[in-house]
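Remarks on the structure that follows.
The values are calculated or read from the model by the stated rules, or taken from the named source; none is laboratory data. Keep in mind that what you see is a predicted model, and the values were worked out from it rather than measured. Cβ placement follows ideal geometry from the backbone for every residue including glycine, while neighbour counts extend to all protein chains displayed. Keep in mind that these areas ignore ligands, DNA and RNA; they rest on the heavy atoms of the full protein, side chains included. Shrake-Rupley method; radii C 1.70, N 1.55, O 1.52, S 1.80 Å.
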Amino acid sequence: METYYIFCEGKKTEPNYFEGFVRYADPEQVKINCFGLGKETLRILELAQNYIRKNEIKQSHIWLVFDRDDFVAKNFDETIQKVKELDQKRKGGNTYRCAWSNECFELWILLHFSYYQTLFHRDEYIRLL
């Protein structure tokens, strides 16, 4: 069985999106655990590592998901580098990956349903969804 732990920046949007995968996954082949943390990049990594260590997680796929947004570029780059280093070590047989959107995850979801070729503020995405 493949097991995934997805640690998200957003508290609701990203976890709701990934929880949708659970409906289509064969529960005998894939297990998805998703956590909406509401934290910035380096803090997400720290919380994920603590969770993995505390729960002695092994042989799993660990994902960190966050927006690029207004985070300090140094922290964003440092998080990606640290995740690459963790993946190279494969501690406990775990794989580590990052996924990010350049501005906001909500726009990415919105584009699943409609084509937009206009500029509007990110607060408008929620209303449109």
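Tabulated values for the structure
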{"read-out": "Accessible area expressed per residue, the chain, with surrounding protein chains retained (probe 1.4 Å, Å²)", "value": "66"}
{"read-out": "Exposed trypsin sites (Lys or Arg not before Pro) absent - longest run of the chain, DSSP non-H/G/I/E/B, at most 11 other C-beta within 10 Å", "value": "13-57"}
{"read-out": "Environment charge at residue 98 (Cβ cut-off 10 Å; Lys +1, Arg +1, Asp -1, Glu -1)", "value": "+2"}
{"read-out": "Nonlocal amide H pairs with residue 64, under 5 Å, H built at 1.01 Å", "value": "7, 97, 98, 99"}
{"read-out": "Out-of-range pairs (alpha-carbon distance over 21 Å; input 58/89; 31/82; 11/84; 54/74; 12/74)", "value": "31/82; 11/84; 54/74; 12/74"}
{"read-out": "Positive-end residue, region 1-76 charge dipole about Cα centroid, Cβ charges, pick of 29, 72, 18", "value": "72"}
{"read-out": "Carbon/sulfur fraction of accessible area - the chain, other protein chains in place, 1.4 Å, %", "value": "50"}
{"read-out": "Neighbour cut-off at most 12 other Cβ (10 Å), DSSP loop, GluC sites (Glu not before Pro), region 1-44", "value": "28"}
{"read-out": "Cα-centred dipole magnitude for the chain, charges only on beta-carbon of K, R (+1) and D, E (-1), debye, nearest 20", "value": "500"}
